[in-house]
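The values are calculated or read from the model by the stated rules, or taken from the named source; none is laboratory data. These numbers come from a predicted model, not from an experiment. Backbone-built Cβ (ideal geometry, glycine too); neighbour counts: all protein chains shown. The area values use the complete protein model at the heavy-atom level, side chains included, leaving out ligands, DNA and RNA. Shrake-Rupley method; radii C 1.70, N 1.55, O 1.52, S 1.80 Å.
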Amino acid sequence: MSHLFVVWLNYKDNSAITDFKFSTQSLLEASKDYFDLPTTPSAPLDLTSLLKRTSTNPSHRQIKHIFYIVSESFSDWAFDPVFDAIGLTSGLKSLIDNKHGFKMPYFVENGPCTIRSLSVQMTGLVQTKLYLHKLFGQFNLSPTAPGGIFHQLGYESRFFYGAYDKEGKDKYGLFDKIALIEGFDQTFDGIDMLNFAHNKPYQKHLFNEWGTHDNVMFDFVKDKVSKATQPTFNMIMTTSIHPPYDLDLKYFNVPDLSTFFDKHFPASKRSPGMDANILEHIWWYDKQVTHFIKTIAKAYPDSLFVITSDHYGRVAPVNTNDPKVHYLVPLILYSPTLAPKMLAHIASHTDITPTLIELVAPKGFVYHSFGKPFFSNDPKAPFDPNNQAFGYDIVGNEDFLYTQDFGLRPLKQMDKNQKAIAETQAKKMYQKMESLNDLSLYMLLKGSVIK
């Protein structure tokens, strides 16, 4: 049970929030839980003192451009070996050599939809289960926000999102405004991208109701990077793996995957709504994002890329309640010039920003984060086999995943006694996650000092 008492009229869409009532004592207890403090601290407590981290980066190589790519509805199951026969994610897999390119074995989402997931990734906080675009005027720049931190490091922070609204009513979460609050220097949307594409030899249909297609957006980003006069941090939110799934696949010579799909995944066993057309859109996206990465890497070798998703794609080739299917998204890290060491086998979206900072910031740089780096440039950095990941209503380590809805999901063979021990540990981790959520919400709305 959460330590926090929050009062509002309509939780479902928080359209009529009236008040947030925080219990100081409960927040102090949450701090003890999450930060593993020996005793409950007293107020006032400055959370930034507990979130303080210092870069240990031994590398003197300067990374000029950072690309944080959030792929719309890109599920981890797309990397399953069964799909190698059709090359579903062959592009991104070609980056993985475990020297310069890596894929995390397990990576949990921090939001079930774009708005909530991006809110976490833009602020560096953890899920508050509130929609930030309905809270304007109630939150400020978070000390954990990547846009602000990379600005401190001398990068121009830019946010790209292919969404647009020709009627002038932003129905995509007002991400441009959130980005500017959270320290980004510039934002670009689908209108900017369509203007860029004007009179250029693209496919006939450049956009749909969800936004400008990703091939146009990636070209737009490349153009902006080519004109940059200083190092850049680029957060990119894609749009094309999303209903209505109406790309002109024939124009792009995407193979027909229906025969493969019907053979391996009978209709009676599929997730509702799953079809070959979705597979074909994933196939197309994989080739587009890989082309973008390889083109940038060739032109700017001192670049760093992280590729993830906002959330699980809500459909799967097999209809299942497996949390591994419903909560895992891909995380690929690639740099032509870095050879980092993986520090854990499981992490979450909250851990991406500290990982990037650890790879690019000079040794001794001080920053704040709820997450932990899962890569390091230090070859002697210790691997943590007990690392814990805190996602959206899910916790896990490299032995198991746990949700209240689905219970314990072992990631290795366990006997009855081992499962009982793991379940006890999982429930303690879940309580720790709720403490983390409470502290995040307080920081978002009240600041870092618990009074």
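Per-structure values
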read-out	value
Meets criteria (open to solvent by 30 Å² or more (accessible area, probe 1.4 Å), of a type in the set (S, T, N, Q) and either in a loop (DSSP other than H, G, I, E, B) or at pLDDT below 95 (or both)) for T239	no
Inter-residue pairs, beta-carbon under 7 Å, first among the charged types (D, E, K, R) and in the range 417-438, second modelled with pLDDT of 95 or more and open to solvent by 30 Å² or more (accessible area, probe 1.4 Å), 6+ apart	K419/L408; K419/P410; E423/L408
Complete set of residues in the range 58-116 that are part of a helix (DSSP H, G or I), among the basic types (K, R) and surrounded by fewer than 19 Cβ atoms within 10 Å (Cβ to Cβ)	K93
The range 202-259 - residue that is of a type in the set (S, T, Y) and under 20 Å from the mean Cα position of the chain (by Cα) and, of those, nearest to F67 (Cα to Cα)	T232
Meets criteria (open to solvent by 10 Å² or more (accessible area, probe 1.4 Å) and under 29 Å from M274 (Cα atoms)) for V366	no
When residues of the range 141-154 are limited to those that are out of contact with any Asp or Glu (no Cβ under 9 Å at 6 or more places or on another chain) and open to solvent by 10 Å² or more (accessible area, probe 1.4 Å), the one nearest to I357 (Cα to Cα)	L153
Of the criteria (1) in contact with a helix residue (DSSP H, G or I) (Cβ under 9 Å, 6 or more places away or on another chain); (2) farther than 18 Å from V70 by Cβ; (3) open to solvent by 10 Å² or more (accessible area, probe 1.4 Å); (4) part of a loop (DSSP other than H, G, I, E, B), which one L130 fails	(3)
Cβ pairs under 6 Å, 6+ apart, first in the range 33-57 and under 12 Å from V449 (Cβ atoms), second part of a loop (DSSP other than H, G, I, E, B) and open to solvent by 40 Å² or more (accessible area, probe 1.4 Å)	A43/K451; P44/K451; T48/P143
Tabulated pairs, the range 300-318, first more than 17 Å from F265 (Cα to Cα) and without any contact (Cβ under 8 Å) to a residue 60 or more places away in the chain, second open to solvent by 10 Å² or more (accessible area, probe 1.4 Å) and part of a strand (DSSP E or B), C-beta under 6 angstrom, 6+ apart or interchain	none
Count - residues of the range 44-57 that are open to solvent by 50 Å² or more (accessible area, probe 1.4 Å) and either assigned to a loop (DSSP other than H, G, I, E, B) or among the charged types (D, E, K, R) (or both)	5
Residue within the range 420-428 that is open to solvent by less than 50 Å² (accessible area, probe 1.4 Å) and touching an Asp or Glu at 6+ places or on another chain (Cβ under 8 Å) present	yes
